[in-house]
Amino acid sequence: MHAARILIILPAYNEAGKIGRVIEKLRAAQYMGDILVADDHSTDHTRAEALGLGAKVITHPVNLGVGAGIRTGIRFAIDNGYDIGVVMSGDDQHEPDELERVVGPILSGTYDFVQGSRRLPGGAVIGDRLFRMITTQLYSVMFSALAGRKITDATNGFRAFRLSIFTDPAIDLNQEWLDRYELEPYLLYRIATSERWRMIEAPITVRYHATGREYTKMRPVRDWWRLARPMFMLALGLRK
């Protein structure tokens, strides 16, 4: 049996300064995986910074959204014979030295999909805000109710998966409505409600770096709905 090939996918849009820290941390962790930055048409030095540190980079010709970036990474992984994909934040929110927590259960053959969770014992969140803490937990409660199983941290972007899950016809990432914030909850919902794929959560750390006025690329209401609508659309059978 060949050693599993792992691709670490970092979706990024204007993350110069941060993307370099992530890649350097991944190198220091010495985890056996290749690094791909899915650059969503950044207007800063994200691409040059990532290339300068030896990462693979695919740059979108126009800005499409984080979902499209993750899809680009997954397509690259499948086309190039990788076995496991890992998605981490390109803005240095996740800890590369915790990779074993999300990849280990897949390498052992026990699970097919591992969702990171800051809410499990052993997980942590640093620099959180009260509003975000409340809304992310409420989202997880709602997601769990619609999916029919408990998910403690449904908005967490740190996850690993066996790439064979994308042979499942019930999982169709090639839909334009998934280009922005919809793809991640779509995929999580499909896996959480599947009888075919084995899923577990693993404790990880989320670190927010913003100081003073909080910075986020998400737009109130519009992007909150983009996060929420996959679980409603799928639960009601309005999307495939």
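On inspection, G81 fails the criterion of being of a type in the set (G, A, S), within 23 Å of I200 (Cβ to Cβ) and either out of contact with any Phe, Trp or Tyr (no Cβ under 8 Å at 6 or more places or on another chain) or surrounded by fewer than 17 Cβ atoms within 10 Å (Cβ to Cβ) (or both). Here A154, A170, A202, A192 are screened, and the one residue that is closer than 16 Å to R119 by Cβ, over 14 Å from the mean Cα position of the chain (by Cα) and of a type in the set (A, V, I, L, M) is A192. For region 58-76, the criterion of being out of contact with any Phe, Trp or Tyr (no Cβ under 8 Å at 6 or more places or on another chain), over 21 Å from E184 (Cα atoms) and among the small types (G, A, S) is met by none of the residues. Where residues in region 9-37 are in a helix (DSSP H, G or I) and either under 17 Å from the mean Cα position of the chain (by Cα) or of a type in the set (F, W, Y) (or both), which of them is surrounded by the most Cβ atoms within 10 Å (Cβ to Cβ)? Looking at the filtered set, the residue picked out is I19.
Evaluating V141 against the criteria (1) surrounded by 18 or more Cβ atoms within 10 Å (Cβ to Cβ); (2) aliphatic (A, V, I, L, M); (3) closer than 20 Å to M199 by Cα leaves one unmet condition, (1).
Might you check whether a residue that is under 19 Å from the mean Cα position of the chain (by Cα) and surrounded by fewer than 22 Cβ atoms within 10 Å (Cβ to Cβ) occurs anywhere in region 38-47? Steps first, please.
In the first step, residues of region 38-47 are kept if they are under 19 Å from the mean Cα position of the chain (by Cα); the result is 38-42, 46.
Next cut, surrounded by fewer than 22 Cβ atoms within 10 Å (Cβ to Cβ) only: 41.
Yes, there is a match, as at least one residue in region 38-47 is under 19 Å from the mean Cα position of the chain (by Cα) and surrounded by fewer than 22 Cβ atoms within 10 Å (Cβ to Cβ).
Of the residues making up region 147-163, those that are closer than 18 Å to I8 by Cβ and either acidic (D, E) or out of contact with any helix residue (DSSP H, G or I) (no Cβ under 8 Å at 6 or more places or on another chain) (or both) number 1. Taken over region 119-153, the criterion of being touching a residue at least 40 places away in the same chain (Cβ under 8 Å) and hydrophobic (A, V, I, L, M, F, W, C) is satisfied by L120, A124, V125, I126, M142, F143, L146, A147, I151.
Rule-based calculations on the coordinates, nothing more; no lab input. Worth saying up front: this structure is predicted, and the values here are computed from it rather than measured. Ideal geometry is used to build each Cβ from the backbone, glycine not excepted, and the neighbour counts take in all protein chains shown.
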